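The values are calculated or read from the model by the stated rules, or taken from the named source; none is laboratory data. Values in this document were obtained by computation on a predicted structure and should not be read as measured data. Every residue, glycine as well, gets a Cβ built from its backbone with ideal geometry; the counts of neighbours run over all protein chains shown. The area values use the complete protein model at the heavy-atom level, side chains included, leaving out ligands, DNA and RNA. Shrake-Rupley method; radii C 1.70, N 1.55, O 1.52, S 1.80 Å.
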Amino acid sequence: MTALGLSAPVTLVNVPNAVTAVRTATSVALAVAALTHRSVHLLVAAYLIYWIGDILDGAAARALGQETRTGAVFDIVADRACTSACAAALVVLRPATALPIAVFLVQFMVVDQLLSLMFLRWPLLGPNYFASVDRRIYRWNWSPPAKALNTAAVVILAVVAPTAVAVTFALAVAAVKVVSLVCAARLPADLPHTRP
């Protein structure tokens, strides 16, 4: 803390944040190109760079010992930039995906973002450590299977499944996120403790 009660400056320049910046800029640029050129191939590339880059920035942070709370917030915000650009292109290229993607976007851009930022209530490096606060909420939202189901599965179902199936799945994910957010908000904000 400084004399004014402010925190010390934050280190923004590190390998994982560079990966996050590059994957975000590249994914958004490809999604915009997919939108303007009506190209499914560019959209697939945009999604792949987003998803692979999201895995790589976290892996780099852990491997290099460069995990920071600021980096976690940057990753959460960057995910929304990638998702919104890719979703816009997807809906233009495949209008039948509009309803499940709309449900997904409301859930991901608002509810999931609030939930993901809940880690800031505790001295955690990011949502990936939420198991030390509540294992159930962690399993539902940030365990590897949950991450795959909460994002990629919704998008893939929107493309390949009947609209009713995709919307039902997106609504189910949204319900899990709302319940998780309510449960997380009710947890005491003291030091992390393990809950069943």
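List, largest first, the extents of the alpha carbons of the chain along their principal axes, each in whole Å.
54, 36, 31
When the chain is fully extended, how far beyond the present Cα-Cα distance does residue 39 get from residue 143, taking 0.36 nm per residue of separation?
34.2 nm
With everything on Cα atoms, drop me the angle between helix 40-63 and the longest principal axis of the chain, reported from 0 to 90° to the nearest 10.
It is inclined by approximately 20 degrees.
Less than 15 Å Cβ to Cβ from residue 155, Lys/Arg counted +1 and Asp/Glu -1: what total charge do the surrounding residues give?
0
Per residue of the range 14-19, in order, report the coupling 6.51 cos²θ - 1.76 cosθ + 1.60 (Karplus, θ = phi - 60°) as ³J(HN,Hα) in whole Hz, putting x for Gly and Pro.
8, 4, x, 5, 5, 4
Please report, as a whole percent, how much of the solvent-accessible surface of the range 1-124 comes from carbon and sulfur atoms (probe radius 1.4 Å).
75 percent
Just how large is the dipole of the chain about the Cα centre, in debye to the nearest 20, putting +1 at every Lys and Arg Cβ and -1 at every Asp and Glu Cβ?
Computed about the Cα centre, the dipole is about 300 debye.
Please report the relative contact order for the chain, taking Cα pairs under 8 Å with a sequence separation of at least 6, and give it as a percent rounded to a whole number.
Over the chain, the number comes to 21 percent.
Skip the ligands, DNA and RNA, and give the accessible area per residue of the range 70-113 with a 1.4 Å probe, whole Å².
36 Å²
So what is Rg over Rh here for the range 106-164, counting just Cα atoms and using Kirkwood for Rh?
Reported Rg/Rh (Cα atoms, Kirkwood Rh): 1.06.
Please get the size of the charge dipole for the range 108-196, origin at its Cα centre, with Cβ charges of +1 on Lys and Arg and -1 on Asp and Glu, quoted in debye to the nearest 20.
180 debye
Please list, in order along the range 72-83, the HN-Hα scalar couplings obtained from phi with the Karplus expression 6.51 cos²θ - 1.76 cosθ + 1.60 (θ = phi - 60°), rounded to whole Hz, x for Gly and Pro.
Values, residue by residue: 5, 5, 4, 4, 4, 5, 5, 4, 5, 5, 4, 4 Hz.
With the dipole of the chain worked out from charges on the C-beta (+1 for Lys and Arg, -1 for Asp and Glu) around the Cα centre, which of 149, 14, 82 lies farthest toward the positive end?
Final value for the positive-end residue is 149.
Residue by residue through the range 133-143, which ³J(HN,Hα) values in whole Hz follow from phi under the Karplus form 6.51 cos²θ - 1.76 cosθ + 1.60 (θ = phi - 60°), with glycine and proline marked x?
After applying 6.51 cos²θ - 1.76 cosθ + 1.60, I find 9, 7, 5, 4, 5, 4, 4, 5, 10, 10, 5 Hz.
What distance in nm lies between label points placed 7 Å from Cα along the C-beta direction at residue 135 and residue 81?
The two pseudo-label positions are separated by 3.7 nm.
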